[in-house]
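Student: Below are the structure tokens for one structure; questions will follow.
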Amino acid sequence: MFASPLNMPRRTWILVVGLLLLGAFFQYSSINHIRNPADFSTGTTSSGSPNGPKPPPPCTPGTGPASHSIAPVNQKAPTGNSITLRLHTNVLEPAISTTDTWNFAVMPTKPDVFIVSEGKVSAINEHYDREHFTYSLMKWILRVHRRDTGRIARKEPLIMIDAGSNHGLFSMVAGVSGAYVVAFEPQAPLRGVIGYSARLNQIEQHLRILPFAVLDKFSKVSISDYERGDGGNAFLDLNRTTGPIQTQTIRLDHLPSFARLFPEQGPNALGPHDQSFGEDYAAYLEQAHNLEPANQPTLSATDTKKILLRQPIHFLKIDVEGFELRALESASALYEVGLIEHTVLEFGSPDRWTVTEPQTAPPEQIKTKTLAEAKIVLNKAVTDWNLDIYLLPSIGWEQCKFWINWRLIAPNDVSEMAPPANGVRWLKAWNFDGLSEQDQFDEELKSTNGGVTEFIRLPNHLIDEFLDSLEQIGEVYLWMRVCVPVLFGSREKLHVYSTRFTC
């Protein structure tokens, strides 16, 4: 028979109590390690227990560019391993995919970043797999410009703009890569997700989330086909003058100045918004409201520099669910003076653009009209804005290669090197300044033998024909960059332009 616990000798009780205390010590150490991993910031009390994100500091916009100093943004390494976490009884622990909905997931973007989602991690993973070449291109461009001694000497901030941010993965990767980031997201739940992710990745001080949709004029529009929570895509609806969800639209060439976006004191990623950029900026937007682009109020050169963003934008990503052409047009004043170095946008097929017109005409008539507008915009990009256009890997990549294979430029065209048989080239990373960062992106480049992305040059004279074929080709990604002549073998141009190709 077993003795009752009450009849155990005193020394046995002492041994039991000692074992329980020892077990509690190891349990506390384990939990405390999960609460406070070295590379994960959640905000803690003096006792080590999480107390959640800190409230945003007050917004104090700068008084103007003259008094505003631009601090360089350091790269971040918010995570060094791949683990998906959840909040449970005041601690972080591994998530259970079948039962947990809200997750903090590590995305293998090299540099890896945290992303927040309510059960949409698999969809975000699919997005990254589909667009990883675009991410690689952005990381390379930001790296080259970050180390550009000329930009550093001019004290220009490294800027990335994310038009149509969704869950904010592009914004997170750009932020930890050392860029100041402006993210546009009209859906309130997704803005909350981006803000939370920004805090997890420690970039909230140099990321701004603006609640606007990007369009070529200022107006109030309805949002349709949205999902609850952080469901993903939603669409601007020009057929409804009122709706349960509305958003303000804004032109990219009318963003507030850098000093107003990133004042020296505060704020965090949740602000500022349109009412916090100064009375003069708010008054200007009020004058421009509902006016067509050609009738926008004008500003003097001094007021333009004081009120509006007029610094180089090193990478602009546009994915605005069919309104990409209008978003490009909204940046006209920036393109005309060469302030946008690189642009990547989701493009086509033509059915994608029909949402930009009120559905009062037959569908084929709307498609014909929007296709004609696309030709005007892309031809303006190469003739007026001095941009080169390239195709990037996408859902329609194989069709792009087949299409270009039959329309290769003759080798005697002096504007271009003779392309390979199928028109596809590789942008290669190269050691342009003799430095090595030895980070996760470096490791990724080693695994691809220095390959950043495949691309196909879209010659100017084939733009219209390409757009006419886009319905058969399907979805593509366009990369547009400022055309700058590059000397072969020269280090005078510390730009992304590989010595493998020229304008």
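Student: Leaving out same-chain residues fewer than 8 places away, which lysines sit with a Cα under 26 Å from that of K375?
Tutor: Correct list for K375: K217, K317, K367, K401.
Student: Order the peptides 144-150, 361-367 from the highest to the lowest mean number of other Cβ atoms within 10 Å of their residues.
Tutor: Per-residue mean Cβ counts within 10 Å order the peptides as 144-150, 361-367.
Student: Suppose R0 equals 51 Å; then what is the FRET efficiency for A282 and A372 from their Cβ-Cβ distance, rounded to the nearest 0.05?
Tutor: Calculated value: 0.90.
Student: How much of the DSSP bridge set in the stretch 103-482 is antiparallel, in percent, rounded to the nearest 5?
Tutor: Given both bridge residues lie in the stretch 103-482, the antiparallel proportion sits at roughly 60 percent.
Student: Here's another thing I want to ask about it. List the residues, sorted by chain then number, that are 5 or more residues from I313 or on another chain and whose placed amide H is less than 5 Å from its amide H.
Tutor: When sequence neighbours closer than 5 places are left aside, the close amide H contacts are I340, E341.
Student: Can you tell me which of 195-207, 279-291, 390-402 comes out highest on packing, and rank the rest after it, using the mean Cβ neighbours within 10 Å?
Tutor: Most protected by this proxy first, the peptides run 195-207, 390-402, 279-291.
Student: For the pair T304/E118, report the inter-label distance in nm, with labels modelled 7 Å from Cα in the Cβ direction.
Tutor: With each label point 7 Å from Cα toward Cβ, the separation is 4.4 nm.
Student: How much length would be gained if the chain were fully extended between D351 and E321, taking 0.36 nm per residue of separation minus their Cα-Cα distance, in nm to one decimal?
Tutor: Residue separation times 0.36 nm, minus the Cα-Cα distance, leaves 9.7 nm.
Student: Normalised by the residues of the stretch 103-482, what does the relative contact order come to in percent, with Cα pairs under 8 Å and at least six apart?
Tutor: Averaging sequence separation for qualifying contacts and normalising by length gives 17 percent for the stretch 103-482.
Student: Something else now. What Kirkwood hydrodynamic radius, in Å, does the stretch 103-482 give when the mean of 1/r is taken over all pairs of distinct Cα atoms and then inverted?
Tutor: Every distinct Cα pair counted, the radius reaches 21.6 Å.
Student: List the lysines whose Cα lies under 19 Å from the Cα of K446, skipping any in the same chain that are fewer than 8 positions away.
Tutor: Qualifying lysines at Cα under 19 Å: K110, K139, K428.
Student: On to the next question. Spin-label point model (7 Å from Cα, Cβ direction): what's the D464 to I152 distance in nm?
Tutor: Those two pseudo-labels are separated by 4.8 nm.
Coordinate-derived values only; no laboratory data. Remember, predicted model here, so these are calculated numbers, not experimental data. Every residue, glycine as well, gets a Cβ built from its backbone with ideal geometry; the counts of neighbours run over all protein chains shown.
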